[in-house]
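Can you keep this structure in mind? I'll have questions shortly.
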Amino acid sequence: MANHVVHTCIRVLDAKASQRFYEALGFQARGRLNFDTAYNLYMGLPGDGDTLELTVNLDQDEPYDLGTGYNHMALTVGDIEDVLTSLSSLGVEPEKPPFHPGGRDDLPLIAFVADPDGYRVELIDGGVFDTPQDPAG
């Protein structure tokens, strides 16, 4: 049996704002699962599974404490400038302009944005991406 990642779950305060944000990144709403005190909204990228679970706890009225352990999720995008323009219309701006990480021109441009709950998302320009590795040694 092969192992694979099913989804990433994040807790969100405003489901509609979060859904708009992730739709601007290319995610599609897939469905909803209701519970007594919460519900999950499932989203996925075209051609992929329901890889993002947005959990809404009905009794939560304050922003979540994100802690110090979470840093970001990464997402490839076809054209980083187009995506940033789309996000700008939602009032979302990058932490800083797109840049080559570590000053390495051999790596694609990236930018970090925050979703409505403050979760950071790394945008990687160019669509197709293999995680870079330096040679061992």
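Nothing in this text is a laboratory measurement; each read-out follows from the coordinates by a stated rule. Just so it is clear, the structure is predicted and the values come from calculations on it, not from any experiment. Cβ placement follows ideal geometry from the backbone for every residue including glycine, while neighbour counts extend to all protein chains displayed.
State whether region 64-137 is rounded, prolate or oblate according to the following rule on the C-alpha gyration tensor (a ≥ b ≥ c being the square roots of its eigenvalues): a/c under 1.5 gives rounded; otherwise a/b larger than b/c gives prolate, and the remaining case gives oblate.
Judged from the Cα gyration tensor, region 64-137 comes out oblate (a/c at least 1.5, b/c at or above a/b).
When the dipole is taken about the Cα centre of region 37-137, and only Lys, Arg (+1) and Asp, Glu (-1) are charged at their Cβ, what size is it in debye, to the nearest 20?
160 debye
Also, I was wondering about something else. Expressed as a rounded percentage, what relative contact order does the chain have, with Cα pairs under 8 Å and six or more residues apart?
23 percent
Give me the percent of DSSP beta bridges within region 70-137 that run antiparallel, rounded to the nearest 5.
55 percent
Moving on to the next point. Which residue, Gly47, Gly26, Ala114, has the largest displacement toward the positive end of the dipole of the chain when charges sit on each Cβ (Lys, Arg +1; Asp, Glu -1)?
Gly47
Using the Cβ atoms and a cut-off under 10 Å, what net charge is assigned to the surroundings of Val113, where Lys and Arg are +1 and Asp and Glu are -1?
Overall, the nearby charge balance is -3.
By the scheme Lys and Arg +1, Asp and Glu -1, what is the net charge of all other residues having a beta-carbon under 15 Å from that of Leu54?
Summing Lys and Arg as +1 and Asp and Glu as -1 gives -1.
Then there is this: Please compute the length gained on full extension between Phe129 and Asn57, using 0.36 nm multiplied by the number of residues separating them and subtracting their Cα-Cα distance.
Extending this stretch completely gives an extra 22.5 nm.
Also, quick follow-up: Please identify the chymotrypsin sites (Phe, Trp or Tyr not before Pro) of region 35-134 that satisfy two criteria: DSSP loop assignment and at most 13 other Cβ atoms within 10 Å. Which are they?
Phe35, Tyr70
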